[in-house]
1. On the given criteria, is Asp235 within 13 Å of ligand 1 (Cβ to nearest atom), modelled with pLDDT of 95 or more and either among the acidic types (Asp, Glu) or over 20 Å from the mean Cα position of the chain (by Cα) (or both)?
2. Just one of the numbered conditions (1) among the charged types (D, E, K, R); (2) farther than 30 Å from Leu272 by Cα; (3) in contact with a helix residue (DSSP H, G or I) (Cβ under 7 Å, 6 or more places away or on another chain) is not true of Lys30; which one?
3. Just the residues that are in contact with a strand residue (DSSP E or B) (Cβ under 8 Å, 6 or more places away or on another chain) and either β-branched (Val, Ile, Thr) or at positive phi (or both), please, taken from segment 127-151.
4. Do you know which of the residues in segment 241-251 that are over 18 Å from Ala331 (Cβ atoms) and under 20 Å from the mean Cα position of the chain (by Cα) is nearest to ligand 2 (Cβ to nearest atom)?
5. Would you check which residues across segment 209-235 are crowded, with 23+ Cβ neighbours inside 10 Å and in contact with a Ser or Thr (Cβ under 6 Å, 6 or more places away or on another chain) and list them?
6. Hey, among the residues in segment 238-275 that are surrounded by fewer than 23 Cβ atoms within 10 Å (Cβ to Cβ) and on the phi > 0 side of the Ramachandran plot, which one's modelled with the highest pLDDT?
7. Please go through segment 11-61 and pick out each residue that is farther than 30 Å from Leu138 by Cα, crowded, with 20+ Cβ neighbours inside 10 Å and of a type in the set (S, T, N, Q).
8. Against the conditions (1) over 30 Å from Ala338 (Cα atoms); (2) within 16 Å of ligand 2 (Cβ to nearest atom), where does Gly79 fall short? Just the number, please.
Amino acid sequence: MNRAQGALWHHKGIIQAVGPTDEILSRAGKDAKQIDCQGRAMIPGLVDPHTHMCFAQTRENEFSERICGVPYLEILKRGGGILNSVDSVRRASVQDLLKNTLEHLKIALAHGSTTVEIKSGYGLDTENELKMLSVIELAGQKAAQDIAATFLGAHAIPREYKEHPDQYVDLIINEMIPKVADQGIASFADVFCEKGVFTPEQSRRILEAAMEHGLTPKLHADEVNDLGGGAMAADLKAVSADHLLAVSPKSIAKMAQAQVVAVLLPATAYSLKKTYAPARKMLNAGLAVALATDCNPGSSYVLSMPFAIGLAIMQMGLSVEEALTAATLNAAHALNLARKVGSLEPGKQADFCLLHGETPAVIAYRAGVNPMAAVYKKGRLAAST
Ligand code: NIG
Ligand code: FE
């Protein structure tokens, strides 16, 4: 077997050096403990920059309806979908939500995700949005991963505001955002800008208020319909615009100019049976493309970044290198964490995975099984299969 030669030296959870094995061994000195990686490919720990994995109950019945042709937004319009998850999250205790979130994080870790973003957005009132964010904070203390928290009070119009959506927008702006900022429990604010959900005008108002309170904007943009979400994200200098299945070439150009990361969610296109986002057009326009699972009980109950990477390679035309960069360094940029994680460079955290294969291509090649042999977080073995 033609084994690649290479080694990584880490100390106290931080990468010291990466390079040819002989060189690294002599630099690390004979006292350093050596681990033989047996010719396995080593990749940076994966970064999942867009999830809704804090929820109370799955929605398998809706999935069955959708594969028979009922549209995702139709289910939301008749009071199901996200609103269904809101009912169960409002009833759930902090303990139950934490248990579910930690179970999800454990599966994600086994599949290589060493950094994960989690959104609120199933509370849709001040008390329950704060409850979700406190669960996400607790999960960050208990889980092996680094967790980034996003406030998504603007995920849907709750039933009680169906006839007065602007009053709900006011509640988000005047009550929720100040409290979230006060408690310091979220870094980002996000809005689901979509037909029948939040209009571009409402989305802009919410994100501008969030920015005034020190939250960094993100946007669920142009997922089902092109509402110019990508362009608005560029205007607001959002750190990322996510989904983008229906994004226009004009928005792509604006995003590239404003250096907004395009977070693509191929597992959602898979689950909604939609056409994948135009990743090649984005790359050609100079956009930084990232990948995420979007793990949520509705449009993508997927916790596996390798599955998203495989879809990106096989269905979206990304090369193995492009897909891997999208799932690591670019994903870290989408969370403003690229100084700390996302690549195997001296000074960054020793977050890395060993694959059941010689090259990262095995992630797409050996589809449907977990390609992770071992997952290390801050230099410690965190999961193995
Ligand atoms: O990113 N599109 C909006 N929000 C999620 C789905 C949430 C849900 O259906 O529970 C998404 O796809
Ligand atoms: Fe989402």
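1. Details: within 13 Å of ligand 1 (Cβ to nearest atom): no; modelled with pLDDT of 95 or more: yes; either among the acidic types (Asp, Glu) or over 20 Å from the mean Cα position of the chain (by Cα) (or both): yes.
Taking the combined requirement at face value, the residue does not satisfy it.
2. (3)
3. Selection gives Ile136, Ile147, Thr150.
4. So in segment 241-251, the residues over 18 Å from Ala331 (Cβ atoms) come out as 245-251.
Then keep just the ones that are under 20 Å from the mean Cα position of the chain (by Cα); that gives 245-247.
Details: Leu245: 12, Ala246: 15, Val247: 15 Å.
Per the stated criteria, the residue is Leu245.
5. Lys218, Gly230, Ala231
6. In this case the residue turns out to be Gln259.
7. If the condition is that a residue be farther than 30 Å from Leu138 by Cα, crowded, with 20+ Cβ neighbours inside 10 Å and of a type in the set (S, T, N, Q), then no residue fits.
8. (2)
The values are calculated or read from the model by the stated rules, or taken from the named source; none is laboratory data. Owing to the predicted nature of the structure, the values given are computational and were not obtained by experimental measurement. Cβ sites come from the backbone with ideal geometry, for glycine too, and all protein chains shown count toward neighbours.
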